[in-house]
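S.K.: Below: one structure in structure tokens.
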Amino acid sequence: MTPLVLTFIGRDRPGLVKAISEKIAAAGGTWMESRLAHLAGEFAGILLVGAPEANVDAFAEAMRDLESAGLRVTVARSEAPPAPPTGKLLALNVLGHERPGIVRDVTQTLTELGVNIEELESRVEAAPFTGAEMFHAAARIRLPDGLAPDALRKRLEKLAGEIMVDLALEEGETEG
């Protein structure tokens, strides 16, 4: 099976995941991994499928037929899987009053240190009692070999003071 990465977006309605899964199965593919979300009335996702090598072009064309279901779809052939990651896996949580630039500031610091963001979820919601808009983010990050969690923690503590947010770093298990 050849790994393919599909991305899609369309107006949310019941039956979209069913339509996608039926197309994949009918084309001889297998659903391997996915991240799907509803945001602002849209339904979007990224998924990894396996498709028979001999049918990759026909499989990709079949996935594009999902446009008739109201989905914009892209299909990309995935390269051979990279070597398993070796750096320490950590959880990063961000909480602060909503303002432009929080994600930019945090990701700039992470990038400068060579930290890879593997997953990121965020939302803005009203704080209890005050109703103030609060920004929440949760990320799964992987440190590069040679970067100690304490060194990252010190940089994040400095950043938190500068941008007035709470940044919490929790150690997870190392994969790979």
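Each reported figure results from applying straightforward, stated rules to the coordinates on display, with no laboratory input. Keep in mind it's a predicted model, so treat the numbers as computed, not measured. Note that we place each Cβ from the backbone using ideal geometry, even for glycine, and neighbour counts take in every protein chain shown.
S.K.: In debye, nearest 20, what is the charge dipole magnitude of region 2-77 about its Cα centre with +1 on Lys and Arg Cβ and -1 on Asp and Glu Cβ, if you could check?
M.R.: I would put it at about 200 debye.
S.K.: Here is a follow-up. By a straight-distance test (C-alpha under 29 Å), which lysines pair with Lys154 as possible cross-link partners, with residues fewer than eight away in the same chain excluded?
M.R.: Candidates past the 8-residue exclusion: Lys88.
S.K.: Take the alpha carbon gyration tensor of region 33-137, find the square roots of its eigenvalues, order them as a ≥ b ≥ c, and report rounded if a/c is under 1.5; if not, report prolate when a/b exceeds b/c, else oblate. Mind dumping the intermediate values first?
M.R.: Details: a/c = 3.33, a/b = 1.52, b/c = 2.18.
Oblate, since a/c reaches 1.5 and b/c is not below a/b.
S.K.: Which far-off residues, 5 or more places away or on another chain, put their amide H under 5 Å from the one on Asp12, with H placed in the peptide plane?
M.R.: For Asp12, the qualifying residues are Glu42, Phe43.
S.K.: Rounded, prolate or oblate: which one fits region 2-77, using the alpha carbon gyration tensor with axes a ≥ b ≥ c (rounded when a/c is under 1.5, else prolate when a/b beats b/c, else oblate)? Kindly include the intermediate steps, with their values, before the conclusion.
M.R.: Working: a/c = 2.03, a/b = 1.72, b/c = 1.18.
Judged from the Cα gyration tensor, region 2-77 comes out prolate (a/c at least 1.5, a/b above b/c).
S.K.: Enter the angle in degrees (range 0 to 90, nearest 10) between the Cα long axis of helix 102-112 and the first principal axis of the Cα atoms of the chain, meaning the one along which they spread out most.
M.R.: 90
S.K.: Note the angle between two axes, namely the Cα long axis of helix 149-163 and the longest principal axis of the Cα atoms of the chain, as a number of degrees from 0 to 90, rounded to the nearest 10.
M.R.: Around 80 degrees separate the two axes.
S.K.: Kindly provide the pair-distance distribution of region 89-171 built from C-alpha pairs, with 10 Å bins from 0 and whole-percent values in order of increasing distance.
M.R.: 17, 54, 24, 5, 0
S.K.: Also, quick follow-up: Under a Cβ-only charge scheme (Lys and Arg +1, Asp and Glu -1), can you give me the dipole magnitude of the chain about the Cα centre, in debye to the nearest 20?
M.R.: It comes to approximately 260 debye.
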